[in-house]
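To keep things clear, I will list the structure first and then write my remarks on it.
Every read-out reported here was derived from the displayed coordinates using simple, explicitly stated rules and does not represent laboratory data. All figures in this text were calculated on a predicted structure; none of them were measured in a lab. For neighbour counting, all protein chains shown are included, and Cβ atoms are generated from backbone atoms with ideal geometry for every residue, glycine included.
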Amino acid sequence: MKIAEQARKDLEEAEELHNKHFQQQLAEQNELAKAMGQMAMLDLSILSTEEIVRLLLEATQQISLIKEQWSRMIRFFSKLAAQAHSTQQ
């Protein structure tokens, strides 16, 4: 019975962590979508090279943040899978 209670507690904590990561990832994806929308509306023929480089750097930073989020999600679900496997044993 004690193992089941611990497993339930672990699951609740995992759900809270998942929700937190999901909200953070959603916010970062919205920022990326906003940046992509702004870039799509630009007339590149009138922008300077410096402005184009700045925009590309901003987009690269947003993509990097999403990559970090995916890495955290992979670690989270790997940990959750390991915990589920250990409670089955």
Fill in: For the chain, the Rg and Dmax computed from alpha carbons only, in angstrom
20.1, 69
Worksheet, complete the sentence: Per the 1/(1 + (r/R0)^6) rule, R0 = 35 Å and r from the Cβ atoms of ALA27 and THR49, FRET efficiency to 0.05 is 0.70
Practice prompt. Pick out, from ALA81, ALA33, ILE66, the residue whose Cα sits farthest towards the positive end of the charge dipole of the chain, with +1 on the Cβ of Lys and Arg and -1 on the Cβ of Asp and Glu.
Written response: ALA81
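Given contacts defined as C-alpha pairs under 8 Å and at least six residues apart, what's the relative contact order of the chain, whole-number percent?
Reported as a whole number, the value is 47 percent.
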Worksheet item: Lys pairs in the chain, Cα-Cα under 22 Å, at least 8 apart or on separate chains: how many?
Response: 8
Worksheet item: Relative to the first principal axis of the alpha-carbon coordinates of the chain, what is the inclination of helix 49-88, with its axis defined by its Cα atoms, in degrees from 0 to 90 and to the nearest 10?
Response: 10 degrees
Worksheet item: So, by mean Cβ neighbours within 10 angstrom, what's the order for 76-85, 43-52 with the highest one leading?
Response: 76-85, 43-52
Worksheet item: Pairing the Cα long axis of helix 2-40 with the longest principal axis of the chain, what angle in degrees results, from 0 to 90 and rounded to the nearest 10?
Response: 10 degrees
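How big is the dipole moment of the chain about its Cα centre under a simple scheme where the beta carbon of each Lys and Arg is +1, that of each Asp and Glu is -1, and everything else is neutral? Debye, nearest 20, please.
I would put it at about 420 debye.
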